[in-house]
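Comments concern the structure below.
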Amino acid sequence: MKFFIINSGSSSIKYQVIEMADESVLATGLVERIGEDRGRLRNTAFPGTGHEQEAVIEQPIPDHRSGMLLAIATLTDRDKGVIRQASEIDAIGHRVVHGGEDFRGSMRITAAVIEVLRHNIPLAPLHNPANLDGIRVAREIFPEVPQVAVFDTAFHQTMPPRAYLYAIPYALYQTDRVRRYGFHGTSHRFVAGECARLLDRPLSACNLITIHLGNGCSITAIENGHSVDTSLGMTPLEGLVMGTRSGDVDPALHLFLKQNKGMGLEAIDDLLNKESGLKGLCGMNDMRDIHRAAGAGDVRARLAVEVQTYRIRKYIGAYMAVLGRVDAIVFTAGIGENDPIVRAESLKGMEPFGVRLDPERNRLRDRDARRISAPDSAIQVWVIPTNEELAIAREMARVLRD
Ligand code: AMP
């Protein structure tokens, strides 16, 4: 079985082809600058020879349909393709950002599911229309192929009302579904499953704190395998300090910025989503640049790391209180997998709570999952690489089997 996994953005399509027999990646690619003058496709094929083959095509890509057709033409290219023809694709999986309260799990896509996704556009006005574009085009090109939607929010639908409600007039929840939803669910679910496997017990018997630290950041409290709280909220702005997103701020900041800076709501939204977080604090949002600058004496770069890791520590403490018993803390995504400094600072001073890092293991660079806590640490600490595409593929297999 070959699965085609699509993450359709407003001007890009990220894709992967996975051979499910051995879960190997046959190709990964990115179509970008859709709708601009100079579109670009970058495809990396893994034809099974041990040698990757890169292809870059630059040409105008007016819309998602032409972007997807270009990707398929590249995948089926006689010399460099990894499949002979498009009909070898057995199923298509779509990453969908917001499933609202309607989807507690992945769904086979039907006209009714599309209708519900449309209904959820107000909850994710930037992302859901782009995801819907990808679904529409894929259904046009592959009308016979089963398609599955996998939602970023679904894993967190097990949160209890005490965790998902904002303390604002309840009517706003009833009429407009204003509540916390959480995101990065596919990633949290995937590393939780991997962690359970490594701990050699069923996920349903595991209490975990999973920390996804990439450009976007979130932390999840998992009780007996279910998400019971998570730091991202109604939108992916709440919670931890991220690359360019502020995370938690006093909501009265909006009024202050309006009254004192004359800013409109859209400008404030831009400021909090695109100009804040690590970038807002020190001008950089790539953690590698920030460490380099901090090493060279840049005080604000150092401060940015401190603010981010202090916030992570506060949330870990809060989720320990939520869970009572914690079996393991898991770090994942770009920063979580690669940055020993951020991991160590996030767990600084937690020995009294039973968290003891092994500094040597923490510094070790490895692509595989690894335990980085000391043998006598009551709570284990793990680094587990996330793999959202593989997580989507496994979800697809499950949905299509059921
Ligand atoms: P992601 O969103 O998971 O792709 O993560 C992207 C972020 O991971 C980048 O913006 C970097 O800040 C961070 N990152 C990637 N590689 C490293 C590394 N070797 N050390 C520290 N941070 C890294």
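The values are calculated or read from the model by the stated rules, or taken from the named source; none is laboratory data. Note that the structure is predicted; figures quoted are calculated from it, not measured. Quick reminder, even Gly has a Cβ in these numbers, built from the backbone with ideal geometry, and neighbours come from all protein chains shown. When the accessible area is computed, the model is the full protein with side chains, heavy atoms only, and any ligands, DNA or RNA have been set aside. Shrake-Rupley method; radii C 1.70, N 1.55, O 1.52, S 1.80 Å.
Laid out as a table, the results:
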quantity	calculated
Between the range 291-362 and the range 56-129, the alpha-carbon center distance in angstrom	35
With DNA, RNA and ligands ignored, accessible area of E389 (1.4 Å probe; Å², nearest 10)	50
The range 300-398 - percent of accessible surface contributed by carbon and sulfur, probe 1.4 Å	51
The range 285-372 shape via C-alpha gyration tensor axes, a/c threshold 1.5	oblate
Value of [θ]222 nm, deg cm²/dmol, for the chain, DSSP H segments ≥ 4, -39500 (n - 2.57) each, nearest 500	-11000 deg cm²/dmol
A318 versus D376: modelled label distance in nm, points set 7 Å from Cα along the beta carbon direction	3.3
Label-point separation in nm, T175 to E58, each point 7 Å along Cα→Cβ	5.2
Calculated FRET efficiency for the pair E36/R201, C-beta based, R₀ 45 Å, to 0.05	0.35
Cα-Cα over 31 Å, subset of K14/K279; K2/K279; K274/K314; K14/K261; K258/K348; K14/K314	K2/K279; K14/K261; K258/K348; K14/K314
Gaussian network model of the chain, Cα within-10 Å springs - most flexible of S66, S218, S12	S66
Pairwise FRET efficiency - E140 versus D90, Cβ, R0 = 25 Å, nearest 0.05	0.85
Most positive-pole-ward Cα, M107, L126, L172, against dipole of the range 71-186 from beta carbon charges	L172
Listed peptides 377-384, 162-169 by packing density, highest first (mean Cβ within 10 Å)	377-384, 162-169
Euclidean distance between Cα centres, the range 235-269 to the range 36-55, Å	39
Choice from K258, K348, K80 showing the highest fluctuation, given a GNM over the chain with Cα pairs closer than 10 Å	K258
Average accessible area per residue (Å²) across the chain - probe 1.4 Å, nucleic acids and ligands excluded	47
Max mean-square fluctuation residue, GNM over the chain, Cα-Cα springs under 10 Å, options L26, L265, L203	L265
